[in-house]
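Derivation of every value follows stated rules applied to the coordinates shown; laboratory data play no part. This structure is a prediction, so every number in the text was calculated from the model and none was measured. Every residue, glycine as well, gets a Cβ built from its backbone with ideal geometry; the counts of neighbours run over all protein chains shown.
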Amino acid sequence: MQQFWGVITNCWGNPRINYSIKLLIALCGVVLPAWFSKNNTCIIPLVLGVIASALSETDDNLVGKTKSFVMVFICSTIASITTQVLFNYPILFGSGLFLFSMSFIMLGAIGPRYASIAFSSILLAIYTMIGYATSPSFWFQPIFLLCGIFWYALVALFWEWAWPLYPVRRSISMILSDLGDYLLYKSELFIPIPDYDLHQRRLVATKQNATLVNALNEAQLSLAHRKDCRKKLEYKYLLKTFFLIQDIHERSSSSHLNYEEMSEAFPRSDLLFRFQRIMYLQGKACLTLAQHIISGTTYQHNIRIQRALEEAQKSIQYIQEHDDGRYRAYLPHLDYLLHNLIKINQRLVRLSVDNADINIMLESELATNDATTFRQMWDRVCQHSTLKSPLFRHALRLSLGICLGYAIIQLFHIHNGYWIMLTTLFVCRPSFSSTRMILGQRIIGTIIGLVLGSILLSLFVDLQSQVMLIIVAGVIFFATKNQRYTVATAAITLLVLFCFNQFGLGFNVILPRLGDTLLGCLIAVVNVSVLFPDWASSRQTETICQAIKANQRYLAQIIVQYRIGKRDNLTYRIARREAHMKDAALSTLLSEIESEPLRYRTNLQQNYQFSQFNHTILNYISAMGAHRTQLKNDMDYLLVSQKHTQIHRYLDFLLTLVEDPNHRLEFSDDVFQDPLVTTHTAKMLIYQLDTIFQSTYNLHQYLLTQQEKEA
């Protein structure tokens, strides 16, 4: 019996299964009553209403979700009724469609919640157009579409009321899973094998860090939205967990020594393998902890990690006792590395007790960027109401794309051609790379769905079986839409076929659906490529500068705390978060540039050098943040402060060089001679700052070499 409940708990804790159960209840709640009441005509608008409502849902607390669904209901009412009124007046309707789409997309400037509301409102307007021909009366479409929206809202609000902290657990579980993968990738950097491709391993770790940073941001918002949750004790535990994970992330992203130098210095020693083993075990521990967090079960920490740490410490002691001078320069930094791994292990041990040591944070305030007043909302919309804004350009592209699809339908009298507009809405994304990524998945998924649908329509000829398949297809769509969009597209195509087959039109929409999808994809691609395109390569200078400036601010916060002592206050955490976010943005930008046409992939190798440089200095800065303590010796702090001032100046120079590649000012490293410091901590700081300077100098030399080649 205990094993049975364990299986149930694990299934319920699985985010995809949990979400699927919610969608299953929502779809059954509209499809089955309509079927049993013999009112098949209302199945399509009810199902489409549920879909539109589910797509508008964002992660928020009960009050926030209630407000969102009320706004969705109001906007959808306007969209549906306006469509019904103007549908037979093409010129008027086309003009209104453009203004409506443009206005609603611009609401995304306020925040993600309003972007989702805008998307679902436009989606509902198109859904109203799709069902207009089969609607028996003027009010039929608006009423049943809105009933579907209202029903899903009730289900979602009940879910939030019953399990208010499940989304937080899911977010924290995702962080731990990403953190575990990051530690596994990072551990591979400690393998001292000749000709080992450290550069490629470093790039993989950098990309994984970008994924981890995005997960941290989502979890922070989820926690911030639920600070007034009624389950105070569980919330405090999850908040504590989040802060401990942030600390682990800072420590795991630290670099205490150059990996190439370590490989050369310890080619036959097992010490680096011991460090690799420790990080590997800690990564696995994070992956295990992720499963326990989402299922709500108690995590038992792996005692082998403590044994591995003890053995590594003995290895360092052995090297110290038998050192002939070769390792003298490295041993203090190996001690700091070991100390860092010990601290990570201590944080993991703390997380093995559900509610122990809850009040560990002096400050538990979470920073949010939400617009809370009408004035703030209006200001954000106004700030983006210019062609310089990527959001404004996206709104213009998407609105014109939808209207172009509508014009094609009217000019060529395409029956049920509104799938063109629907495809354009789903495929046309803010950037070329994201549009290209989803484009192929949309086409392939549609073809698979149509082929599979034609087979299933022949096998399941009775409408009762098809009603069940509508529900199954809807659940599969929502369960896979974020991870496997091809499968999701195939599922929603099946749902469409079975819905239309309730009127005997299932086979009739197969070829039109394929043609509409291809035409909608073509419109989306042409739009993002031709109409005010947002090429990622055009943002590279700005993104690089933002990343370097964020590292400057992060480093400045750390240096201050070596004077006043360690403080995990809001200002410090914001600076740390911004540094990692900008580093992640730089890594994401490179991925986007790689997917763009060849003629726009400018300076790709140089950008990779910038990305590697930025991530490297962030790693060294993080190591300084991980070991924050007060320097009591004034002379030590003065020397550290002077070096920091020089680093800041050289990073400013590098910013100038990025903005003006022809800048020829040479570096001067005369101030970077070894100063006399009295403490190990100060020596560590001096080493880290020297390494940052050396990285900056190496990048500068690389840029000069590139300039000479181009000349």
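Taking K314 as the anchor, which lysines have their alpha carbon closer than 22 Å to its alpha carbon, excluding any fewer than eight residues away along the same chain?
K343
For labels at T41 and D660 in the simple 7 Å Cα→Cβ model, what's the distance in nm?
7.3
Measure out, as a whole number of angstrom, how far apart the alpha-carbon centroids of segment 426-479 and segment 87-103 sit.
28
Fewest first, what order do Y554, Y19 take by the number of other Cβ atoms within 10 Å?
Lowest count first: Y19, Y554.
What distance in nm lies between label points placed 7 Å from Cα along the C-beta direction at F653 and T66?
Between F653 and T66, the label points sit 6.0 nm apart.
Treating the angle as unsigned and between 0 and 90°, give the value, to the nearest 10°, between the Cα long axis of helix 15-36 and the longest Cα principal axis of the chain.
10
For a test of the definition: using alpha carbon positions, the gyration tensor, and the 1.5 limit on a/c, classify segment 6-137 as rounded, prolate or oblate.
Note, shape of segment 6-137 comes out oblate.
From the residues L425, S121, Q320, which one has its Cα farthest along the dipole of the chain in the positive direction, the dipole being from +1 and -1 charges on Cβ of Lys/Arg and Asp/Glu about the Cα centre?
S121
Straight distance only, please: which lysines reach the Cα of K231 with their own Cα at less than 26 Å, same-chain residues fewer than 8 apart left out?
Counting by Cα, and skipping residues close in sequence, K231 has these lysines nearby: K22, K65, K67, K240.
Go through L272, Q220, H256 and say which Cα lies farthest out towards the positive end of the charge dipole of segment 197-322; charges sit on Cβ, +1 for Lys and Arg, -1 for Asp and Glu.
Q220
Which listed residue (L519, A547, N508) has the Cα farthest towards the positive end of the charge dipole for segment 494-608, taking +1 on Lys and Arg C-beta and -1 on Asp and Glu C-beta about the Cα centre?
Working it through, the farthest residue towards the positive pole turns out to be A547.
For S454 and I143 in the same chain, what is the full-extension length gain: residue separation times 0.36 nm, less their Cα-Cα distance, in nm?
So the chain would gain 108.9 nm between S454 and I143.
Taking Rh as the Kirkwood radius, which is the inverse of the mean 1/r over Cα pairs, what is the Rg/Rh value for segment 166-350?
Reported Rg/Rh, Kirkwood definition of Rh: 1.03.
Just check segment 406-469 against the gyration tensor rule for me: Cα atoms, a ≥ b ≥ c as the square roots of the eigenvalues, rounded for a/c under 1.5, and otherwise prolate or oblate depending on whether a/b exceeds b/c.
Oblate.
Please work out the Cα convex hull volume for the chain and give it in Å³ per residue.
Residue-normalised Cα hull volume stands at 188 Å³.
Could I have the simple spin-label model distance between S529 and Q606, label points 7 Å from Cα toward Cβ, reported in nm to one decimal?
2.7
Just order 281-291, 63-73 by mean Cβ neighbour count inside 10 Å, highest at the front, would you?
281-291, 63-73
As a test of the definition: which semi-axes, in Å, follow for segment 159-240 when you take the square root of five times each eigenvalue of its alpha carbon gyration tensor? Largest first, please.
They are 36, 11, 8 Å, listed largest first.
Give me, ordered by chain and number, the residues 5 or more places off T58 or on other chains with an amide H under 5 Å from its own placed amide H.
Hits under the 5 Å cutoff: none.
Only Lys, Arg, Asp and Glu count, each charged at its Cβ (+1, +1, -1, -1), so figure out the dipole size of segment 12-163 about its Cα centre, rounded to 20 debye.
140
Given the rule -39500 (n - 2.57) for each run of at least 4 DSSP H residues, summed and divided by the residues of the chain, what is its mean residue ellipticity at 222 nm, to the nearest 500 deg cm²/dmol?
So the calculated ellipticity at 222 nm is -26000 deg cm²/dmol.
Could you go through segment 421-428 in sequence order and give the Karplus-derived ³J(HN,Hα) for each residue, using 6.51 cos²θ - 1.76 cosθ + 1.60 with θ = phi - 60°, rounded to whole Hz, and x for Gly and Pro?
Computed from phi, the couplings for segment 421-428 are 5, 5, 4, 4, 4, 7, 8, 6 Hz.
Relative contact order, percent, of segment 548-710 when contacts are C-alpha pairs under 8 Å separated by at least 6 residues?
Across segment 548-710, relative contact order equals 30 percent.
About the Cα centre of the chain, how large is the charge dipole given +1 on each Lys and Arg Cβ and -1 on each Asp and Glu Cβ? Please answer in debye to the nearest 20.
Charge dipole, the chain, about its Cα centre: 1600 debye, nearest 20.
Taking the Cα centre of segment 166-350 as origin, sum charge times position over the Cβ atoms of Lys and Arg (+1) and Asp and Glu (-1), and report the length of that vector in debye to the nearest 20.
1180
If you rank C499, C403 by fewest surrounding Cβ atoms within 10 Å, what's the result?
So the ranking, lowest neighbour count to highest, is C403, C499.
With just the Cα atoms defining each centre, how far is segment 261-286 from segment 35-81? Give it in Å.
Answer, in whole Å: 53.
At 0.36 nm per residue, minus the direct Cα-Cα distance, what do R599 and T571 gain on full extension? Give it in nm, one decimal, please.
Taking R599 through T571 to full extension adds about 5.9 nm, to one decimal.
So how tilted is helix 510-530 from the main axis of the chain? Cα-based, degrees 0 to 90, rounded to 10.
Tilt relative to the chain: about 40 degrees.
Near K207, which lysines are there with a Cα under 16 Å away, not counting those fewer than 8 places off in the same chain?
In chain and number order, the partners are K186, K582.
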